[in-house]
1. All but one of (1) outside any helix (DSSP H, G or I); (2) modelled with pLDDT under 85; (3) under 27 Å from Lys127 (Cβ atoms) hold for Ala6, so report the exception by its number.
2. Would you mind finding the one in Asp58, Asp116, Asp103 that is modelled with pLDDT under 80, of a type outside the set (Val, Ile, Thr), surrounded by 14 or more Cβ atoms within 10 Å (Cβ to Cβ) and out of contact with any strand residue (DSSP E or B) (no Cβ under 7 Å at 6 or more places or on another chain)?
3. Does at least one position in the stretch 209-220 carry a residue that is closer than 21 Å to Met19 by Cβ, at pLDDT 90 or above and either under 17 Å from the mean Cα position of the chain (by Cα) or of a type outside the set (Gly, Ala, Ser) (or both)?
4. The conditions are (1) at pLDDT 65 or above; (2) more than 19 Å from the chain's Cα centre (by Cα); (3) crowded, with 16+ Cβ neighbours inside 10 Å, and Glu77 fails exactly one of them. Which is it?
5. Hey, can you tell me all the residues within the stretch 169-220 that are of a type outside the set (Asp, Glu), free of Cβ contacts under 8 Å to residues at least 40 places away in the same chain and in a strand (DSSP E or B)?
Amino acid sequence: MALLGAMVALVGLSGCLEMESTISVKKDGSGTLTEKATFGAQMAAMMKMGAGQEGGEDPFADFSEEKLKEKAAQYGEGVEFVSVSKEDKDGGIVITSIYKFSDINKVTYNPNGMMDDEEVVPDEELKMFSFKDGELTVTFPNPAEEDFSFGDDEMGEEEMMMAAPMMAGLKITSKLEFEGGIETTNATYRDGNTVTLMSMNFDELMKNEGGLKVMSNLKKGSREDFAKAVKEIKGFEMESQEKVKVKLK
């Protein structure tokens, strides 16, 4: 799915303004996967109002323990649901789901998954982690082969402008954290003990000349072309290297 369609689906269907996925890795290769979904005050109120109407469905049904336990299996063999918590914040709602794993080699994960409305499946192609002797290797598909366009075939200029207010404040982040610290890494986006796989800040993205259409620069091509294009876009980061290595302390 094209990026704009995916983002509209996220905001329009789930009302989620901030999505953060963090994989925390220990020295022995075990760790946790934490997913934090933040719903703004206005969106949370609208969702609650809809649920209160006759025949209204629970807007947070996907965050029930039953649903999250089913989802754990999608993240790979041995991944287990740990907990889910709901917190009121500034009139909005923050839902935090936590999973655990004993071997990151078996974890299936797609850093673009939060921008897509397709179900995550335990596919061999999503086994991007290889951990051995205290070093994690992350293998990425070629990002230049992804569809980041806001193509006119799907949405015209007027439709894009109408969709923009719906996505104000939208942030999506996917990252790795290393509890014992990082000794060495070739990661492009590193901050202390954190490596960012993908990050998108819609408000910053809109500060680019051309707004939404700036993403059309991310056309198919080489990894080098993709990396160069991303550096020129405010509010968007995505690892372009085929392999990122992280040596844990």
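The values are calculated or read from the model by the stated rules, or taken from the named source; none is laboratory data. The model shown is predicted, which means the values in this text are computed figures rather than measured ones. When we count neighbours, we look across all protein chains shown, and the Cβ atoms used for this are built from the backbone with ideal geometry, even at glycine.
1. The one condition Ala6 does not meet is (1).
2. Result: Asp116 is the single residue among Asp58, Asp116, Asp103 that is modelled with pLDDT under 80, of a type outside the set (Val, Ile, Thr), surrounded by 14 or more Cβ atoms within 10 Å (Cβ to Cβ) and out of contact with any strand residue (DSSP E or B) (no Cβ under 7 Å at 6 or more places or on another chain).
3. no
4. Unmet condition: (3).
5. Answer for the stretch 169-220, where residues must be of a type outside the set (Asp, Glu), free of Cβ contacts under 8 Å to residues at least 40 places away in the same chain and in a strand (DSSP E or B): Arg190, Thr194, Ser199, Asn201.
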